[in-house]
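Trainee: Input: one structure, supplied below.
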């Protein structure tokens with residue numbers, strides 16, 4: 001069983017300025033194995049977030065299907081094992097960190113363990129005392145970490161994270177990558193998007209390159225470097241998106 005399966009998904013938007021359709025996704029396929037970390041990489045504005053919104057039925061695809069653990073995504077029950085963190089995450093400024101975590105966990109029929117929340121905060125470089133503060137006092141990076149803590153506490157079998165490193169400093173990024181690896185080792189799956197090759201190649205079992213509406217590459221980071229003739233992942237990525245293959 002796959003944690004996530006995307007079959008022939010296409011999506012276009014009408015551009016009123018140019019008076020024409022813009023193809024964002026074209027016959028995209030992905031299979032994401034359980035107990036793995038999968039990275040979707042692409043330039044900014046290339047369609048990664050559009051694909052994720054289709055996965056959660058926030059946008060209708062023009063064609064194609066998405067499955068979570070073999071259940072069609074349009075069936076709300078299919079998402080019971082899935083937790084999603086959007087790219088531009090901002091918790092309510094009137095809630096404390098603990099309040100937000102309590103509400104988030106209620107969707108998974110879980111109660112908040114404050115000690116576990118504090119330990120998780122420390123693992124991704126957030127001062128646990130911040131959880132007592134209203135999130136209106138948080139920096140962008142602190143808000144991002146709160147969303148990540150909620151995901152980890154959910155215990156969901158699949159985490160879908162859109163640009164999870166956004167707003168994090170180098171130390172926090174390193175600690176988050178370690179925590180994602182631990183989450184996988186506990187028997188879970190992580191799918192995340194990024195435009196930063198270092199994040200993708202360091203921890204992902206498999207990756208996909210999205211460009212010009214299509215999946216230009218699917219495989220391991222090593223296979224990407226081998227196929228596109230560079231041991232530098234950034235250069236291999238550029239060779240990939242510039243190729244005619």
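Trainee: Cβ-Cβ below 7 Å, separation at least six or inter-chain, first residue in the range 221-235 and on the phi > 0 side of the Ramachandran plot and at pLDDT 95 or above, second assigned to a helix (DSSP H, G or I) and surrounded by fewer than 16 Cβ atoms within 10 Å (Cβ to Cβ): which pairs?
Mentor: Matching pairs, first to second residue: none at all.
Trainee: Still on this structure, please answer the following. Would you mind stating whether residue 175 is at pLDDT 95 or above, farther than 23 Å from residue 34 by Cβ and not in a strand (DSSP E or B)?
Mentor: Working: at pLDDT 95 or above: yes; farther than 23 Å from residue 34 by Cβ: yes; not in a strand (DSSP E or B): yes.
Yes.
Trainee: Also, quick follow-up: Can you tell me how many residues in the range 94-148 are under 18 Å from residue 181 (Cα atoms) and touching a strand residue (DSSP E or B) at 6+ places or on another chain (Cβ under 8 Å)?
Mentor: Total satisfying the criteria: 2.
Trainee: Which condition number in (1) surrounded by fewer than 18 Cβ atoms within 10 Å (Cβ to Cβ); (2) under 18 Å from the mean Cα position of the chain (by Cα); (3) under 23 Å from residue 2 (Cβ atoms) is the one that residue 222 fails?
Mentor: It is condition (2) that residue 222 fails.
Trainee: From the list 1, 55, pick out the single residue that is touching a residue at least 60 places away in the same chain (Cβ under 8 Å) and loosely packed, with under 15 Cβ neighbours inside 10 Å. Steps first, please.
Mentor: On the way: 55 fails: loosely packed, with under 15 Cβ neighbours inside 10 Å.
The unique qualifying residue is 1.
Trainee: In addition: Within the range 202-211, can one find any residue that is touching a helix residue (DSSP H, G or I) at 6+ places or on another chain (Cβ under 9 Å), at pLDDT 95 or above and part of a loop (DSSP other than H, G, I, E, B)?
Mentor: The answer is yes, given that some residue of the range 202-211 is touching a helix residue (DSSP H, G or I) at 6+ places or on another chain (Cβ under 9 Å), at pLDDT 95 or above and part of a loop (DSSP other than H, G, I, E, B).
Trainee: Evaluate the range 74-89: report whether one residue or more is over 15 Å from the mean Cα position of the chain (by Cα), assigned to a loop (DSSP other than H, G, I, E, B) and free of Cβ contacts under 8 Å to residues at least 40 places away in the same chain.
Mentor: Checked the range 74-89: at least one residue is over 15 Å from the mean Cα position of the chain (by Cα), assigned to a loop (DSSP other than H, G, I, E, B) and free of Cβ contacts under 8 Å to residues at least 40 places away in the same chain.
Trainee: If you go through the range 8-30 one residue at a time, do you hit one that is surrounded by 14 or more Cβ atoms within 10 Å (Cβ to Cβ) and either more than 24 Å from residue 241 (Cβ to Cβ) or within 15 Å of the chain's Cα centre (by Cα) (or both)? Can you show your working first?
Mentor: In the first step, residues of the range 8-30 are kept if they are surrounded by 14 or more Cβ atoms within 10 Å (Cβ to Cβ); the result is 9-12, 23-26, 28-30.
Then drop every residue that is not either more than 24 Å from residue 241 (Cβ to Cβ) or within 15 Å of the chain's Cα centre (by Cα) (or both), which leaves 30.
Yes: one or more hits.
Trainee: Considering only the range 157-185, state which residues are within 18 Å of residue 108 (Cα to Cα) and surrounded by fewer than 23 Cβ atoms within 10 Å (Cβ to Cβ). Walk me through it before giving the result.
Mentor: First pass over the range 157-185, keeping only residues within 18 Å of residue 108 (Cα to Cα): 157-161, 183.
Within the range 157-185, 157, 158, 183 meet the criteria.
Per-residue answers, yes or no, for (1) in a helix (DSSP H, G or I); (2) touching a residue at least 12 places away in the same chain (Cβ under 8 Å); (3) under 26 Å from residue 189 (Cβ atoms):
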residue: 108; (1), (2), (3): no, yes, yes
residue: 116; (1), (2), (3): yes, yes, yes
residue: 130; (1), (2), (3): yes, yes, no
residue: 143; (1), (2), (3): yes, yes, yes
residue: 147; (1), (2), (3): yes, yes, yes
residue: 160; (1), (2), (3): no, yes, yes
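The values are calculated or read from the model by the stated rules, or taken from the named source; none is laboratory data. It should be emphasised that the depicted structure is a prediction, and the values quoted were computed from it without experimental measurement. Ideal geometry is used to build each Cβ from the backbone, glycine not excepted, and the neighbour counts take in all protein chains shown.
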